[in-house]
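Read the structure below first, then the notes.
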Amino acid sequence: MAAAGLGWDVKVLDGLGFEDIEKLMGVQLEEEMAIPDRPVKGEFPEVEFEHPDCVLVVYPSGIGEFDVDYKGLSLVISGFSELEWKGRANRLSKEHVVWDIIYRTSEAVKKPFTGDDKFVNDPFVSAGVVSGSVYKDISLHELVRKRRSAVDMDGKTTMAKETFYQILLHCMPSGSETGDKERKQLALPFRALPWESEVHAALFVHRVVGLPSGLYFLVRNAEHFDDLKSATRSEFKWEKPEGCPDGLPLYELARIDCRELSKRLSCHQDIASDGCFSLGMIAHFEPTLQNKGVWMYPRLFWETGILGQVLYLEAHAVGISATGIGCFFDDPVHEVLGLRGSDYQSLYHFTIGGPVIDKRIMSLPAYPGPEDDQ
């Protein structure tokens, strides 16, 4: 989003493998860490190694097609391992806990080099618009810098359904010109990801004026619709709600008061029930890992993270707030939806509503100038 505001575009260079990125950043391990077979506490400075995730290419927006020679790039990067890297990382702690399952998972999902992948710079597609009037008069510069996570929700702020629909339109990956064929990630900021959308949203609607409270589902990849419908409870309605834009694949599943339910699913946290709505991000899971590789596991979380950032910015743009919910019970979420097996997996939760302002907290500019030091 920041790059787009300055006239630039961004894409993950996903043809590179983990070893390429490790060499490029100079964080190769001289010897592999021995992973224990159970959690161990003690002095283990070797666990403080850096784990690189990805490389992004930043380029002028609208320049059209260009190619990335992944094989040539990898060959150049291979020479970086011969460089003499300066300095040593500061030690972070005197004591460590080695959580074996985390390190084993980290090893298992390292991405290999996939140099035959073609770099694709898709044309920019703008997000859909129901009503631009729902947004406050605020610039992107101001919006990005004021974004804060809400600590509590007030349990009373409401949202018009037009605002709700507008927020969800900006959560769609393919933008405004694809109708019901959502799949490719063409709109901001999802276009930074080179794979088709794999993450959907189960929504718990609490305080949206003009929309019945209940359980809804946002389908972010049209190819998954039939599978989702058959994988979830047979009694679900799967009906478009009243006034829902044609280009928004939002479906009402069940008309219920789900405030207590959403609270229980999110580790009994009030923030899940006291907002206008909350949601669980549901990934197309095992088929994605089987078809593309287990290295897609962290990338599914990247997609949920980008969706969460859009929700943060949308909430602040309409004058309310939001926060991610990292603690939730995934199996009960699956039970509510009727999901069995591992084809779909709950990965992250989120909530949007009116924030409770803690006046004890002082907010300072993220980038203070000389006048702020006085």
Next item on the list: List the aspartates and glutamates whose Cα lies under 20 Å from the Cα of Lys94, skipping any in the same chain that are fewer than 8 positions away.
Entry: Glu43, Glu46, Glu48, Glu50
Check: What is region 145-353's relative contact order, in percent, from Cα pairs under 8 angstrom and six or more apart in sequence?
Finding: 26
Note to self: With just the Cα atoms defining each centre, how far is region 294-332 from region 273-292? Give it in Å.
What the structure shows: 9
Item checked: Span from the region 50-69 Cα centroid across to the region 110-162 one, whole angstrom -> 20
Margin query: Of the listed values (1) 0.98; (2) 1.03; (3) 1.53, identify the label whose number matches Rg/Rh (Cα atoms, Kirkwood Rh) calculated from this model.
Written below: (1)
Next item on the list: Assuming a ≥ b ≥ c are the square roots of the Cα gyration tensor eigenvalues, decide whether region 145-353 counts as rounded (a/c under 1.5), prolate (otherwise, with a/b larger than b/c) or oblate.
Entry: rounded
Next item on the list: Kindly provide the trypsin sites (Lys or Arg not before Pro) of region 124-170 that DSSP labels as loop, not H, G, I, E or B, and whose Cβ sees at most 12 other Cβ atoms within 10 Å.
Entry: Lys136, Lys156
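Going through the DSSP H helices of the chain, which span 15 Å or more along their own axis at the Cα atoms while scoring at least -1.0 as a mean Kyte-Doolittle hydropathy? Walk me through the numbers before you get to the answer.
Values: long enough: 296-317 (31 Å, 0.34).
Result, helices passing both filters: 296-317.
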Notebook entry, point to check: Leaving out same-chain residues fewer than 8 places away, which lysines sit with a Cα under 22 Å from that of Lys359?
Noted result: Lys146, Lys156
Next item on the list: Mind telling me which of Gly280, Gly42, Gly305 comes out most flexible in a GNM of the chain, alpha-carbon contacts under 10 Å?
Entry: Gly42
Notebook entry, point to check: GNM on the chain, C-alpha springs below 10 Å: top fluctuator among Ile361, Ile282, Ile63?
Noted result: Ile361
Check: Per-residue HN-Hα couplings for region 117-127, Karplus 6.51 cos²θ - 1.76 cosθ + 1.60 at θ = phi - 60°, whole Hz, x for Gly and Pro?
Finding: 4, 8, 6, 10, 9, 5, x, 5, 10, 6, 6
Margin query: If amide hydrogens are placed 1.01 Å from N in the peptide plane, which non-local residues have theirs closer than 5 Å to the one on His96?
Written below: Gly42, Glu43, Phe44
Check: Across region 139-152, in residue order, what do the Karplus-derived ³J(HN,Hα) couplings come to in whole Hz, using 6.51 cos²θ - 1.76 cosθ + 1.60 with θ = phi - 60° and x for Gly and Pro?
Finding: 7, 4, 4, 5, 5, 4, 7, 9, 4, 9, 7, 6, 8, 9
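Just want to confirm a number: the relative contact order over the chain, from Cα pairs under 8 angstrom separated by 6+ residues, in percent. Don't skip to the answer; put the middle values down first.
Details: 674 pairs, mean separation 65.8, N = 374.
Across the chain, relative contact order equals 18 percent.
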Note to self: Pick from Ser234, Ser106, Ser363 the residue whose mean-square fluctuation is largest in a GNM of the chain, springs joining Cα atoms under 10 Å.
What the structure shows: Ser363
Item checked: Residues Asp330, Asp137, Asp358, Asp69 arranged by fewest to most Cβ contacts within 10 Å -> Asp137, Asp358, Asp69, Asp330
Note to self: Based on DSSP loop calls and a cut-off of at most 10 other Cβ atoms within 10 Å, the longest stretch of the chain free of exposed GluC sites (Glu not before Pro) is what?
What the structure shows: 96-234
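No lab work stands behind these numbers, since they all come straight from the coordinates. Small disclaimer: the values here were computed from a predicted structure and weren't measured. Neighbour counts are summed over all protein chains in view; Cβ atoms, including those assigned to glycine, are modelled from backbone coordinates with ideal geometry.
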